[in-house]
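What follows is a set of notes on a single structure, which appears directly below.
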C-alpha cells in the first residue's frame, strides 16, 4: 500500500489533487457530549452564565469547518459551499448529539471539515458549561457519510 502523504525522502507532503475532477462532495460527522442532567436542563432553559450554548457552539463548529486546513497540516484549503450543525438534546441519556454536514464542489472531500466541526462544537459546549460540570465526556466522534470523488459513497452502518 502506497502512503500518499509521504514523499520519496520519507517526509510528509500534501497530496497533489490538481489532476482530480471537481465533483459535488458531502461529509457528515457525528459526536456526543455527555453531562449531568442539571447541566442539560440549564442548556435547554438558556440559563448558562456564558450565554446561549448551542448558538455559540453552532457558530464555532461552522468556523472550525472553514479553518480545518489551519489545524490539520495536510488538509487542503477548500472552498466550502455549505456547513450546518444540528443538536439533539437527549434527556434520557443526559447528552447532546451533534451532527455536522459540510458540502463543496471540488477536487478533495470535506470529511475532515465535518469531523473538525463536530469536535469544536463539542469542545465549545464543554467550555461554556465547565464551571458547573467538569465531568462532561466528549465521545463517539465519527464519520457517518461521505459522498463524491473517486471513492464514491461511504455510509456508516448504525
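Just so it is clear, none of the values below were taken in a lab; they were calculated from the coordinates. For clarity, every value in this text was computed on a predicted model and none was experimentally measured. Positions of Cβ are backbone-derived with ideal geometry, glycine not excepted, and every protein chain shown enters the neighbour counts.
Report whether or not residue 120 is farther than 30 Å from residue 17 by Cα, in contact with a helix residue (DSSP H, G or I) (Cβ under 6 Å, 6 or more places away or on another chain) and buried (at least 19 other Cβ atoms within 10 Å of the Cβ). Considered against the rule, which asks whether it is farther than 30 Å from residue 17 by Cα, in contact with a helix residue (DSSP H, G or I) (Cβ under 6 Å, 6 or more places away or on another chain) and buried (at least 19 other Cβ atoms within 10 Å of the Cβ), residue 120 comes out as no. Taking the stretch 115-158 as the range and being part of a strand (DSSP E or B), touching a residue at least 24 places away in the same chain (Cβ under 8 Å) and farther than 15 Å from residue 96 by Cβ as the test, the residues that pass are 142, 143, 144, 145, 146, 147.
Among the residues of the stretch 59-88, those that are touching a helix residue (DSSP H, G or I) at 6+ places or on another chain (Cβ under 7 Å) and either part of a helix (DSSP H, G or I) or more than 11 Å from residue 113 (Cα to Cα) (or both) comprise 60, 61, 62, 64, 65, 68, 71, 85, 87. Against the criterion of being on the phi < 0 side of the Ramachandran plot and over 12 Å from the mean Cα position of the chain (by Cα), residue 74 qualifies.
Rundown of residues vs (1) in contact with a helix residue (DSSP H, G or I) (Cβ under 6 Å, 6 or more places away or on another chain); (2) in contact (Cβ under 8 Å) with a residue 24 or more places away in the chain; (3) closer than 17 Å to residue 139 by Cβ, yes/no style:
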{"position": "10", "(1), (2), (3)": "no, no, no"}
{"position": "25", "(1), (2), (3)": "no, yes, no"}
{"position": "55", "(1), (2), (3)": "no, no, no"}
{"position": "98", "(1), (2), (3)": "yes, yes, yes"}
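Residue-by-condition table, conditions (1) closer than 13 Å to residue 31 by Cα; (2) surrounded by fewer than 20 Cβ atoms within 10 Å (Cβ to Cβ):
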{"site": "93", "(1), (2)": "no, yes"}
{"site": "129", "(1), (2)": "no, no"}
{"site": "134", "(1), (2)": "no, yes"}
{"site": "140", "(1), (2)": "yes, yes"}
{"site": "154", "(1), (2)": "no, yes"}
{"site": "158", "(1), (2)": "no, yes"}
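Among the residues of the stretch 38-53, none qualifies, meaning not one is surrounded by fewer than 18 Cβ atoms within 10 Å (Cβ to Cβ), in contact with a strand residue (DSSP E or B) (Cβ under 7 Å, 6 or more places away or on another chain) and closer than 17 Å to residue 149 by Cα.
From the list 77, 73, pick out the single residue that is without any contact (Cβ under 8 Å) to a residue 12 or more places away in the chain and under 23 Å from residue 25 (Cβ atoms). Going through 77, 73 in turn, the sole match is 77.
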